[in-house]
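Readers should treat all values here as calculations from the given coordinates under stated rules, not as data from a laboratory. This is a predicted model, so every value here is computed, not measured. FYI the Cβ positions are ideal-geometry reconstructions off the backbone, even for glycines, and counts take in every protein chain you see.
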Ligand code: 5GP
Ligand code: MN
């Protein structure tokens, strides 16, 4: 068996050349990421941001809305512009850009109100992503659903383009953070040996992976833990015969705790630790909409469930959706949906 470390050429060489050319030609570059940006959206965006800054580009990162406090440590995070805070300024930047990168999302709907301004900008558009079904409104589409994070896709692009040597510690940190968060600290979607070849290359840039883990996962407030305790003890339903679990929080529930953005991040994963549970849902009443998160194990397609009932999507084992209506309606639709998936759930759990 040949054990020589290797990173296979996943990125099409022609696309890689086109992207490097586009970067060389552009002066004003905008990097965008999806609504409620997570570690991968921000990690890939900021790694690219630093890479482009080193090339003396006029580069901005614009995200649709704010991001959680446990991601603010990343270098460059404070320079990110939030569309929601100043839409007019962001629209101006988008309409005057030469080149726009779309990181970690597949269609412009995923950037909310910013979407139409992205679509109508005359800039060249490049998508770098790992979600299924990339949209068409891009000039170059680098879409790799088989890869567990957009940050890894970006690393591969840099690596293939011969840019590994020049990557800085900050860029390596951002990439590592994205790879780590999208795999739950390398606990799912992370069995590809090349992931660890890449981590080894990132560690050679002097990143401290344990410190990065701690910044993200050991930085929660006491309030988050109280809310988690409440949710698990008072707002969790288990459906043993359907191998499923539900967590739910109304606005009223949340108002009893000093709730801050990101505090419920990761809640949806907990029920998967219960023996027999392969599908977990978290329904949270937000301002003006209901937000849903889904997680699954094995081959149960939680993205199909999200698409069927909640206008959503995502990955096979991690997806999300939205609902515009009352909290009670969302719960009812979830329960009906769950029943309609009974056979699939049982089959996937290995019961049938
Ligand atoms: P989370 O539960 O962490 O918010 O989202 C998990 C994954 O589901 C995200 O990486 C994203 O791919 C997908 N996702 C979350 N919310 C939505 C949504 O409203 N629509 C779609 N299409 N995908 C979503
Ligand atoms: Mn991602």
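Report, in degrees rounded to the nearest 10, the 0 to 90 angle that the Cα long axis of helix 193-203 makes with the longest principal axis of the chain.
Roughly 60 degrees between the two axes.
With the Cα gyration tensor of segment 125-229 giving a ≥ b ≥ c as the square roots of its eigenvalues, does the rule (a/c under 1.5 for rounded; else a/b larger than b/c for prolate; else oblate) give rounded, prolate or oblate?
Oblate, because a/c is 1.5 or more while a/b does not exceed b/c.
Using Cα-Cα distances under 8 Å and only pairs 6 or more residues apart, what relative contact order does segment 13-217 have, in percent?
Details: 377 pairs, mean separation 46.8, N = 205.
Result for segment 13-217 is 23 percent.
If you stretched the chain out fully between residue 95 and residue 164, how much longer would it get, using 0.36 nm times the residue separation minus the C-alpha to C-alpha distance?
Length difference between fully extended and current span is 21.6 nm.
Mind ranking 340-346, 153-159, 9-15, 102-108 by how tightly packed they are, going by the mean number of other C-beta atoms within 10 angstrom, highest first?
102-108, 153-159, 340-346, 9-15
Where is the GNM fluctuation largest for the chain (alpha-carbon springs, 10 angstrom cutoff): 328, 17, 136?
Among 328, 17, 136, the largest GNM mean-square fluctuation belongs to 328.
Would you mind checking the tilt of helix 222-234 against the longest principal axis of the Cα atoms of the chain, expressed as 0 to 90 degrees and rounded to 10?
So the inclination is approximately 40 degrees.
Please build a GNM for the chain, connecting alpha carbons under 10 Å apart, and tell me which residue among 45, 191, 149 fluctuates the most.
Evaluated over the chain, the most mobile residue of the options is 191.
Once you keep just the Cα pairs under 8 angstrom separated by 6 or more residues, what percentage relative contact order results for the chain?
13
Based on the Cβ-Cβ distance of residue 234 and residue 316, what FRET efficiency does E = 1/(1 + (r/R0)^6) give at R0 = 30 Å, to the nearest 0.05?
Working: r = 30 Å, r/R0 = 1.01.
E between residue 234 and residue 316, to the nearest 0.05, is 0.50.
Ranked by Cβ crowding within 10 angstrom, fewest neighbours first, how are 72, 120 ordered? Display every interim value, and only then the final one.
Working: 72 15, 120 11.
Least crowded to most crowded, the residues run 120, 72.
Relative contact order (percent) for segment 222-349, with alpha-carbon contacts under 8 angstrom and 6 or more residues of separation? Display every interim value, and only then the final one.
Values: 222 pairs, mean separation 25.9, N = 128.
Relative contact order of segment 222-349: 20 percent.
Using a 7 Å offset from the Cα along the Cα-to-Cβ direction at both residue 261 and residue 299, what is the distance between the two label points in nm, to one decimal?
Calculated label separation equals 3.9 nm.
In nm, give the distance between the simple-model label positions of residue 12 and residue 217, each being 7 Å from the Cα along the Cα-to-Cβ direction.
Once both label points are built, they end up 3.7 nm from each other.
Run the helix sum for the chain: -39,500 (n - 2.57) per DSSP H stretch of 4+ residues, divided by residue count, reported at 222 nm to the nearest 500 deg cm²/dmol.
Mean residue ellipticity, 222 nm, calculated: -11500 deg cm²/dmol.
Please find, in a Gaussian network model of the chain (springs between Cα atoms separated by less than 10 Å), the residue of 252, 265, 171 whose mean-square fluctuation is greatest.
Top of the fluctuation ranking is 252.
Measure nothing fancy, just the Cα-based angle from helix 13-25's long axis to the longest principal axis of the chain, in degrees from 0 to 90, nearest 10.
Around 70 degrees separate the two axes.
What is the fewest-to-most order of 298, 275 by other Cβ atoms lying within 10 Å of their Cβ? Intermediate results must be reported in sequence, preceding the final value.
Values: 298 13, 275 5.
Neighbour counts put them in this order, fewest first: 275, 298.
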